[in-house]
Amino acid sequence: MESFFKAFFTEYLLDLVLPLTKGPNMHRLPALLAACALSFSLSPAAHAAPAAPVGNLSSNLGSSSNEGVKNAYRSLPREIRDNPQIKQIARDLGIVSPPAPPVAPAPQGPVPAPPQPRPRAGCPNCVALTYDDGPVADTNRLLDILGANRVHASFFLLAPKVNAQPGLVRRMRDSGHTVGNHSVSHPELNKLHPNQVAAEIAGGTNAINAAIGTRPRWFRPPYGATNGSVNAQIGNAGQAVAMWNVDTEDWRTRDTNQTCRTAVDGARPGSIVLMHDIHPATVNAAQCIIDGLRAKGLEPVSLDEMIPNPQAGRVYNQR
Ligand SMILES: [Zn+2]
């Protein structure tokens with residue numbers, strides 16, 4: 001029986017009556033609603049359900065007021081109220097609100113947003129530690145030491161090594177370090193044709209972007225070999241030129257104590273310290289450098305922390 005009434009309602013009643021309620025005939029809605037409710041009230045299922053108070057509906061039949069229509073609508077069984085055509089009419093009459101816009105689903109998956117290092121306000125005692133020419137497997141050991149000391153640093157990466165170890169670059173990013181561009185093949189850019197310079201910059205940018213989905217904001221010219229033309233090209237790529245004012249010469253000495261001493265002794269507020277994480281002696285010096293800087297009242301940070309808004313194409317030797 002129930003299915004008969006539902007079929008009757010959907011197949012005939014709506015087809016016959018709905019056109020009569022459109023446009024200027026909307027005032028006929030109460031009659032339609034009453035007919036629907038009556039048809040359902042005859043259904044055995046409707047008697048079991050707490051719906052279809054035909055008496056209330058009938059008392060609203062003659063009312064063309066909005067309140068009467070609302071009451072008639074509300075007294076309908078949910079199955080009828082949920083009928084798309086009925087619902088649309090109710091919306092047209094302002095009885096029910098239009099459907100809420102779909103809510104964007106929350107991002108799924110195990111990848112949380114990376115913790116963004118906060119710019120230090122003023123950063124009066126900050127010193128930026130920078131490491132070039134990686135990443136290499138031993139960079140993981142340096143990341144362990146930095147993490148244990150809650151220190152962020154900056155890494156200037158070569159494209160082939162980024163492509164070889166993208167997971168390591170993601171670890172840098174996820175840990176809050178600054179990931180910078182150090183070209184593809186480590187040339188002296190000031191001796192290259194502008195097209196080659198552009199290719200070196202773009203190659204490094206693309207490798208980093210492929211690994212972490214973000215284009216670098218910093219470029220360090222290999223050997224510090226740059227000029228106005230190269231700096232302009234770096235600027236066109238949207239990157240700032242990261243030079244330094246403390247050179248540990250760690251690549252030459254390969255001496256842990258010497259590297260630590262040079263870094264700590266040379267550091268002043270706002271300094272940028274040049275090192276290379278491809279040398280184990282430099283990785284070994286990290287704890288000594290962090291402790292030495294803090295003993296001087298200085299705090300090691302990343303470039304993004306010390307210079308939160310670098311200007312593309314501008315040369316930074318220090319803050
Ligand atoms: Zn280098």
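The values are calculated or read from the model by the stated rules, or taken from the named source; none is laboratory data. These numbers come from a predicted model, not from an experiment. Neighbour counts run over all protein chains shown; Cβ positions are idealised from the backbone, glycine included.
Each row is one residue, and each column tells you yes or no for (1) assigned to a helix (DSSP H, G or I); (2) in contact (Cβ under 8 Å) with a residue 40 or more places away in the chain; (3) within 16 Å of the ligand (Cβ to nearest atom).
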| position | (1), (2), (3) |
| --- | --- |
| Glu200 | yes, no, yes |
| Asn206 | yes, yes, no |
| Ala232 | yes, yes, no |
| Gly238 | no, yes, no |
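Contact map, segment 248-263: residues that are touching a residue at least 40 places away in the same chain (Cβ under 8 Å) paired with residues that are hydroxyl-bearing (Ser, Thr, Tyr), Cβ distance under 8 Å, separation 6+ or inter-chain. Pairs shown: Ala263/Thr248.
Based on what the data block shows, is Val273 of a type in the set (Val, Ile, Thr) and assigned to a strand (DSSP E or B)? Spelling it out, Val273 is indeed of a type in the set (Val, Ile, Thr) and assigned to a strand (DSSP E or B). All of (1) in a loop (DSSP other than H, G, I, E, B); (2) surrounded by fewer than 16 Cβ atoms within 10 Å (Cβ to Cβ) hold for Asp265 with one exception: (1). Only one entry in Pro222, Pro216, Pro135 is over 26 Å from Asp291 (Cα atoms), buried (at least 17 other Cβ atoms within 10 Å of the Cβ) and within 13 Å of the ligand (Cβ to nearest atom), namely Pro222.
For segment 259-282, give me each residue that is under 21 Å from Met243 (Cα atoms) and more than 16 Å from the ligand (Cβ to nearest atom). Selection gives Cys260, Arg261, Thr262, Ala263, Val264, Asp265, Gly266, Ala267, Arg268, Pro269, Gly270, Ser271. For segment 147-164, taking the residues that are in a helix (DSSP H, G or I) and crowded, with 23+ Cβ neighbours inside 10 Å, the one that is nearest to the chain's Cα centre (by Cα) is identified as Val162. When Arg294, Arg319 are checked against the criterion of being basic (Lys, Arg) and within 18 Å of Phe156 (Cβ to Cβ), Arg319 stands alone in meeting it.
Being away from the ligand (no atom under 16 Å from the Cβ) and at positive phi is not true of Gly228.
Residues in segment 240-258 that are touching a strand residue (DSSP E or B) at 6+ places or on another chain (Cβ under 7 Å) and either in a helix (DSSP H, G or I) or closer than 14 Å to Gly292 by Cα (or both): 2 in all. Does Arg141 satisfy being at pLDDT 95 or above, surrounded by 11 or more Cβ atoms within 10 Å (Cβ to Cβ), not in a loop (DSSP other than H, G, I, E, B) and not β-branched (Val, Ile, Thr)? For Arg141, the condition - at pLDDT 95 or above, surrounded by 11 or more Cβ atoms within 10 Å (Cβ to Cβ), not in a loop (DSSP other than H, G, I, E, B) and not β-branched (Val, Ile, Thr) - is met. Taking the criterion of being basic (Lys, Arg) and within 22 Å of Glu305 (Cα to Cα), the only residue of segment 142-162 that qualifies is Arg150. Residues that are more than 16 Å from the ligand (Cβ to nearest atom) and in contact (Cβ under 8 Å) with a residue 40 or more places away in the chain occur in segment 155-164; there is at least one.
All of (1) in a loop (DSSP other than H, G, I, E, B); (2) crowded, with 18+ Cβ neighbours inside 10 Å hold for Pro187 with one exception: (2).
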